[in-house]
Amino acid sequence: MDKINKNSLLGNIKYLTIKMKEFDNKVMIIIIVYAFMIAAIPFLTAFLSKYVIDELVEKRTGLIIGILFAFFIIGFFTQGLSPYVKSVYEPRLMGVREKFINLLNKKVMDMDYEYIENPDTGTRLELAMRAVADNMSGIEAMLNSLVGMIGNSISIIVYSCFIVSYKWWILLLLIAFLCIQTLVSMKEKKYEISRAEEVAFCNRKKGYLYYIMSDFRNGKDIRLNKLSSYFENKFEDAGSELLKIQNDVLQYRGINQSIECVFKAFKMAAIYFALFYSYRIGEMTVGQFSFYFSAIIAYDLLLGQFVKSVTEMKKQSHFVDDYRDFLELKEYRSTKGTNNLNISEINEIELEHLYFVYPGAEDYVLKDINLKISKGERIALVGLNGAGKTTLIKILCGFYRPSSGTIRVNGIDAEKIDRKSYVSQISALFQDYNFFSFSIKDNIVGEEEADFGRINP
């Protein structure tokens with residue numbers, strides 16, 4: 001498989017926000033409002049608690065009522081309304097993800113048939129689908145992380161100002177440990193991403209084997225050829241291979257998280273000692289001790305959440321890379337000029353010295369085919385299995401491009417004719433025709449206007 005082009009994290013954030021505005025231009029405004037609301041909750045709680053404690057120590061109970069009333073009002077507009085705002089934007093984000101799914105489905109249906117049959121395309125599609133599989137990964141997870149990052153950024157800026165006013169070195173200490181935590185987390189995510197392609201391949205293998213074993217149409221062949229144990233062993237081997245990869249990832253993650261915990265213990269011990277010493281020498285009141293203690297703990301948690309959000313977004317950004325890579329695959333391999341000629345009917349198709357070989361194969365399926373078919377003619381292609389009859393029909397239908405040679409339609413080189421215009425004039429019924437689980441009318445005419453006079457015999 002060709003290397004997938006990687007975009008920067010900011011590049012993917014920009015791509016998603018542009019698309020989100022295109023799909024739902026109000027959801028970003030709701031997200032920003034929610035981010036400000038959740039940013040205010042922890043800061044206001046710590047700030048108001050400081051005044052309540054100081055007033056209790058000084059036994060000035062008169063102001064406590066006013067502080068508690070202010071706390072109630074602010075809490076109502078933040079903690080009280082934030083769950084409702086969240087309930088408004090989350091379904092809209094799900095709707096945005098559905099739009100991204102539709103883009104992927106449209107791409108698959110519009111691609112050249114030879115791409116769909118290519119195993120490389122199958123792997124790329126498997127990787128792309130992870131970006132829209134659920135709301136816990138890929139695009140929606142990245143957008144949810146972005147909401148948290150906006151709120152965390154606001155809180156981090158405010159807390160930084162207060163911590164610097166107390167002890168500037170504490171802020172430096174927290175940032176230094178943050179850098180260590182970031183390096184450890186990024187190393188962990190990088191390793192997980194490095195095994196992602198192996199996981200996708202194993203899942204495809206397991207999915208294919210599960211389809212073979214569970215599809216009733218394969219029941220006769222499995223029983224007659226005694227293939228039950230063979231497929232069971234194949235499925236078990238694929239599962240074991242996937243389990244080994246997942247076990248490697250989990251063990252690597254466990255080691256890195258243990259390192260993080262050791263550094264965190266040293267960091268918190270230093271902060272506790274600084275606060276206790278300041279209180280002992282009279283540099284702060286009980287309320288200030290409570291406020292700075294809460295502020296430093298909250299700041300540390302916010303930094304940790306921010307780092308996890310960034311590293312998680314970088315991981316999800318790789319899924320978005322896979323998604324964008326698949327959407328950017330070429331749909332048609334036009335080699336001559338621009339496909340801008342439309343046709344309203346086909347009067348004649350002529351093949352001149354046509355050759356075809358499947359990608360990756362050495363032997364030609366079709367060699368030096370010369371054929372002319374005129375409107376109204378009935379042609380029968382007769383040959384042994386594997387002679388290339390179906391391949392030739394697929395070329396005539398526009399599914400494949402010939403390896404060499406020329407196809408002329410109404411005397412025009414087919415490469416110069418708009419592909420959709422050409423395909424709209426073709427109808428075919430293959431032996432492995434797929435009957436969709438819709439009405440007979442929908443299977444016959446699709447989205448076109450139904451002519452019941454032609455449908456009914």
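Which ones in segment 359-390 are hydroxyl-bearing (S, T, Y) and either free of Cβ contacts under 8 Å to residues at least 24 places away in the same chain or assigned to a strand (DSSP E or B) (or both)?
At the first step, the residues of segment 359-390 found to be hydroxyl-bearing (S, T, Y) are 364, 374, 390.
Correct list: S374 only.
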- Item | Odd one out for L329 among (1) assigned to a helix (DSSP H, G or I); (2) open to solvent by 20 Å² or more (accessible area, probe 1.4 Å) | (1)
- Message: Looking at segment 395-408, I want the residues that are in contact (Cβ under 8 Å) with a residue 12 or more places away in the chain and have a partner that is of a type in the set (V, I, T) and surrounded by fewer than 19 Cβ atoms within 10 Å (Cβ to Cβ) with Cβ atoms under 6 Å, at least 6 apart or on another chain. Which pairs are those?
- Response: C397/I426; G398/V423; S403/V357
- Query: Which of (1) open to solvent by 40 Å² or more (accessible area, probe 1.4 Å); (2) aliphatic (A, V, I, L, M); (3) within 23 Å of F162 (Cα to Cα); (4) modelled with pLDDT of 65 or more is the odd one out, the single condition V88 does not satisfy?
  - Reply: (3)
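Looking at K375, K394, K336, K389 in this structure, which one is of a type in the set (D, E, K, R), closer than 22 Å to D110 by Cβ and at pLDDT 85 or above? Walk me through it before giving the result.
Numbers: K375 fails: closer than 22 Å to D110 by Cβ; K336 fails: at pLDDT 85 or above; K389 fails: closer than 22 Å to D110 by Cβ.
The match here is K394.
Given the structure, is I417 out of contact with any helix residue (DSSP H, G or I) (no Cβ under 9 Å at 6 or more places or on another chain) and surrounded by 13 or more Cβ atoms within 10 Å (Cβ to Cβ)? Spell out the reasoning first.
Values: out of contact with any helix residue (DSSP H, G or I) (no Cβ under 9 Å at 6 or more places or on another chain): yes; surrounded by 13 or more Cβ atoms within 10 Å (Cβ to Cβ): yes.
Criteria met by I417.
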- Considering only residues of segment 271-319 that are in contact (Cβ under 8 Å) with a residue 24 or more places away in the chain and open to solvent by 70 Å² or more (accessible area, probe 1.4 Å), which is nearest to the chain's Cα centre (by Cα)? K314
- Query: Going by the structure shown, is S240 modelled with pLDDT under 80, over 30 Å from Q288 (Cβ atoms), open to solvent by less than 70 Å² (accessible area, probe 1.4 Å) and part of a helix (DSSP H, G or I)?
  - Reply: no
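Would it be correct to say that V249 is touching a helix residue (DSSP H, G or I) at 6+ places or on another chain (Cβ under 8 Å) and either without any contact (Cβ under 8 Å) to a residue 12 or more places away in the chain or assigned to a helix (DSSP H, G or I) (or both)?
Numbers: touching a helix residue (DSSP H, G or I) at 6+ places or on another chain (Cβ under 8 Å): yes; either without any contact (Cβ under 8 Å) to a residue 12 or more places away in the chain or assigned to a helix (DSSP H, G or I) (or both): yes.
Judged against the criteria, V249 is a match.
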- Applying the selection to segment 216-237, what residues are under 22 Å from V199 (Cα atoms), surrounded by 14 or more Cβ atoms within 10 Å (Cβ to Cβ) and not charged (D, E, K, R)? F231, F235
- Task: Please state which of the following conditions F263 fails to meet, knowing it meets all the rest: (1) in contact (Cβ under 8 Å) with a residue 24 or more places away in the chain; (2) open to solvent by 60 Å² or more (accessible area, probe 1.4 Å); (3) within 30 Å of T123 (Cα to Cα).
- Result: (3)
- Tell me, which residue of segment 1-18 that is of a type in the set (K, R) and over 20 Å from V147 (Cβ atoms) is modelled with the highest pLDDT? K6
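Out of segment 396-411, which residues are part of a loop (DSSP other than H, G, I, E, B) and open to solvent by less than 20 Å² (accessible area, probe 1.4 Å)?
Looking only at segment 396-411, we keep the residues that are part of a loop (DSSP other than H, G, I, E, B), and these are 397-403, 410-411.
Within segment 396-411, C397, G398, Y400 meet the criteria.
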- Output for segment 153-193, where each listed residue is under 30 Å from E241 (Cα atoms) and either charged (D, E, K, R) or open to solvent by 70 Å² or more (accessible area, probe 1.4 Å) (or both): L183, M186, K187, E188, K189, K190, E192
- Do the conditions hold for R204, that is, is it under 24 Å from the mean Cα position of the chain (by Cα), basic (K, R) and farther than 30 Å from C179 by Cβ? yes
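In the list K86, K106, which residue meets the criterion of being assigned to a helix (DSSP H, G or I) and under 30 Å from F399 (Cα atoms)?
On the way: K86 fails: under 30 Å from F399 (Cα atoms).
None of the other options fit; the residue is K106.
Here's the yes/no breakdown for (1) at pLDDT 85 or above; (2) touching a Pro at 6+ places or on another chain (Cβ under 7 Å); (3) closer than 30 Å to V33 by Cα; (4) not charged (D, E, K, R):
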position: K106; (1), (2), (3), (4): yes, no, no, no
position: T121; (1), (2), (3), (4): no, no, no, yes
position: E140; (1), (2), (3), (4): yes, no, yes, no
position: I175; (1), (2), (3), (4): no, no, yes, yes
position: I180; (1), (2), (3), (4): no, no, no, yes
position: R195; (1), (2), (3), (4): no, no, no, no
position: E198; (1), (2), (3), (4): no, no, no, no
position: K205; (1), (2), (3), (4): no, no, no, no
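Give K99, K50 a once-over and let me know the one that is open to solvent by 30 Å² or more (accessible area, probe 1.4 Å), at pLDDT 80 or above and either part of a helix (DSSP H, G or I) or not charged (D, E, K, R) (or both). Quick ask: steps written out before the conclusion?
Numbers: K50 fails: at pLDDT 80 or above.
One residue alone meets the criteria, K99.
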- Note on the structure: Note on F356: of the conditions (1) modelled with pLDDT of 80 or more; (2) of a type outside the set (S, T, Y); (3) out of contact with any Ser or Thr (no Cβ under 6 Å at 6 or more places or on another chain), unmet is (3)
- Close pairs (6 angstrom Cβ cut-off, 6 or more residues apart or separate chains): closer than 12 Å to I343 by Cα in segment 410-432, exposed (fewer than 13 other Cβ atoms within 10 Å of the Cβ) anywhere: N410/N347; K416/G337; D418/N342; S421/N342
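The values are calculated or read from the model by the stated rules, or taken from the named source; none is laboratory data. Quick caveat, the model's predicted, so the values are computed rather than measured. Cβ coordinates were reconstructed from backbone atoms using ideal geometry, including for glycine residues, and neighbour counts include every protein chain displayed. Only protein heavy atoms, including side chains, enter the accessible area calculation; ligands, DNA and RNA are left aside. Shrake-Rupley method; radii C 1.70, N 1.55, O 1.52, S 1.80 Å.
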